[in-house]
Amino acid sequence: MIRRTASLVAVAAALLAAPAVAADHATPEQAKSLVAEAVAYLRSKGPDEATKAFQDPKGSFRRGELYVFVFDTDGHYVASGANPKLAGSNAADLKDAEGKPIVQAMISETKDKPNAVIDYVWLNRQTNKVEHKHSYVTRDGQYIVGAGTYDQ
């Protein structure tokens, strides 16, 4: 009886813990929605005000593991919700943990169509682990706006 009770407690604990873990991960739909909101904000407020909003750690463009990043079409960081110190830096040659040139992929994949999904390996700041990431990016004029999700 004690073994059965212990097993039931373990199962119940696992079931209760599972939704909490899943809830910590953003969905692709949430990332796409955040990017759409960010593009609309960038259009209405302009790059200076949008950059401030995107980089505000307590602002509406930061949602758990989701944050907005913006590059110009030359590969310079315009905004980074993960690390505001990157704004203004040249990221044209930025590569992921496996050597993939991710900014160049974002630029080339949105050259002929405004939206793309870029898959790469990146540090998840929520778990502090390098994980597979899928960034949803939209080119709007000279800006590439994105947000990404990690594998669950």
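The figures follow:
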item: Meets criteria (exposed (fewer than 14 other Cβ atoms within 10 Å of the Cβ), closer than 14 Å to Ala38 by Cα and either in contact with a Pro (Cβ under 7 Å, 6 or more places away or on another chain) or at pLDDT 95 or above (or both)) for Gly146; result: no
item: For Val130: the one exception among (1) surrounded by fewer than 15 Cβ atoms within 10 Å (Cβ to Cβ); (2) outside any strand (DSSP E or B); result: (2)
item: Residues of segment 94-116 satisfying the condition of being within 17 Å of Tyr136 (Cβ to Cβ), assigned to a helix (DSSP H, G or I) and in contact (Cβ under 8 Å) with a residue 12 or more places away in the chain; result: Ile102, Val103, Ala105, Met106, Ile107, Glu109
item: Long-range neighbours under 6 Å by Cβ, at least six apart or interchain, first residue under 12 Å from Tyr67 (Cα atoms) within segment 25-42, second in a loop (DSSP other than H, G, I, E, B) and charged (D, E, K, R); result: Ala26/Glu65
item: Residues being over 17 Å from Leu86 (Cβ atoms), in a helix (DSSP H, G or I) and either at pLDDT below 95 or not polar (S, T, N, Q) (or both) - total across segment 43-68; result: 3
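The values are calculated or read from the model by the stated rules, or taken from the named source; none is laboratory data. The structure displayed is predicted, hence computed values, not measured ones. Here the Cβ is made from the backbone with ideal geometry for all residues, glycine too, and neighbour counts use every protein chain on show.
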